[in-house]
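This report concerns only the one structure given below.
The values are calculated or read from the model by the stated rules, or taken from the named source; none is laboratory data. Not measured: the values here are computed from a predicted model. Glycine also receives a Cβ, built like all others from the backbone with ideal geometry; neighbour counts cover every protein chain displayed.
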Amino acid sequence: MPSRDELKILQALPLDVKIQKTRLRIREWVDEFGEDGVYVSFSGGKDSTVLLDIVRKDYPDMPAVFVNTGLEYPSVRQFALSKENVTELRPKMNFRDVVIKYGYPIIGKQLCKKITEARRGSRVALRNFTGEMKNSLFDYSKYSFALNTPFNVSEKCCDTMKKKPFKSVNGFPIIGSMAEESTNRLKSWLQNGCNAFESKKPKSNPISFWTERDILTYIHENNLVIADAYGQVIRDWEKDGLTEGQIDFYEKLSEIDPSCKLPGYHYKTTGCKRTGCIFCGFGITQDKQRFIRLSEQEPKLCDYVMRGGEFSDSGMWQPSKDGLGYWFVLQWINVHGNLGIGTPNWNYYHEKYGTKETDKYLGGQSWTGN
């Protein structure tokens, strides 16, 4: 089985070497299942755009499949559907119904799963929150407060809205996720490496050992067009330890001697760092201004996410006919977890939709998160 040390070695490789290794993994996948037996799972995001570009340089007719969940940034959806040979699929349930049935996707998939199991009485799951599993991938002791959320949480949104539609597709997918992105993806890589030939659900993940820096560098160096939600990919002068416009010694040296190999630079997007599903709260602790940006870029969609909400007959907060009620969800985890997640126009939503019961759960706090 692959190891963490092996992953660190792969992640440290130069980008040109990573590209060749990725192409090799793709060829191995195609050799195993045939060109007619594989496809690219294409989200329209920057990672899968890089993957599609690499795949189609060797296999220009490779089909791609895009699941239109209705949760994407409009520009991401438009971008995905603008590509050639892309099949569009749709889920059977909408996001509001998924949240009402299962719960909100907040902080992380594995965390939500363990919370649900612990609430059902699993002592094994409860150990993840007690500090007994320190230094483990699944030590969630800092999120022990989330065991008492006055709303259900769940990891089932992705399965219901993104994975189930793929069951109608014949073939084995090539996906564009990276091990560094989450505990689940790291665990998957440690179990299967890039190509999960022996898995019950075989899939290829040929850029899994890449990093965010690799993705942005590839986009910049190849002048790759990406969805408008990301803005532009530009030099990140701060990470390179320089002031914007400052003379770069290495660049000047390369102008004198073109054979001089430049060190790798850092890049960043001027828009969204990640897009994914607009309404999703997974990874929110690493991207605390996500909903603030959403309010700036897609104010009507953000308003639907934030407004509304009500307590069900069982006493748990859930979406209402007015909206998804995130104003209360985000405020609750900010108050009880001190997470500092940006909540746009919180005072407005609190004034309009708050009640004595919501204030009871919020402990009388009025922190806005703006």
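Couple of notes before you dig in:
- For first residues located in the range 2-23 and touching a residue at least 60 places away in the same chain (Cβ under 8 Å), partners that are among the small types (Gly, Ala, Ser) and lie 6+ apart or on another chain with Cβ distances below 7 Å form the pairs 2/193; 7/179.
- Residue check, residue 117 more than 20 Å from residue 162 (Cα to Cα) and acidic (Asp, Glu): yes
- Residue match in the range 118-141 (condition: outside any helix (DSSP H, G or I) and buried (at least 22 other Cβ atoms within 10 Å of the Cβ)): yes
- Hits in the range 193-220 - residues which are surrounded by fewer than 24 Cβ atoms within 10 Å (Cβ to Cβ) and either part of a strand (DSSP E or B) or free of Cβ contacts under 8 Å to residues at least 12 places away in the same chain (or both): 195, 196, 198, 199, 200, 201
- Any chance residue 277 is assigned to a loop (DSSP other than H, G, I, E, B) and surrounded by 22 or more Cβ atoms within 10 Å (Cβ to Cβ): no
- Answer from 91, 105 - the residue that is touching a residue at least 60 places away in the same chain (Cβ under 8 Å) and under 21 Å from residue 168 (Cβ atoms): 91
- When we screen 184, 195 for residues that are touching a Lys or Arg at 6+ places or on another chain (Cβ under 8 Å), in the same structural domain as residue 27 (by TED's automatic domain parsing) and farther than 29 Å from residue 70 by Cβ, the only hit is 195.
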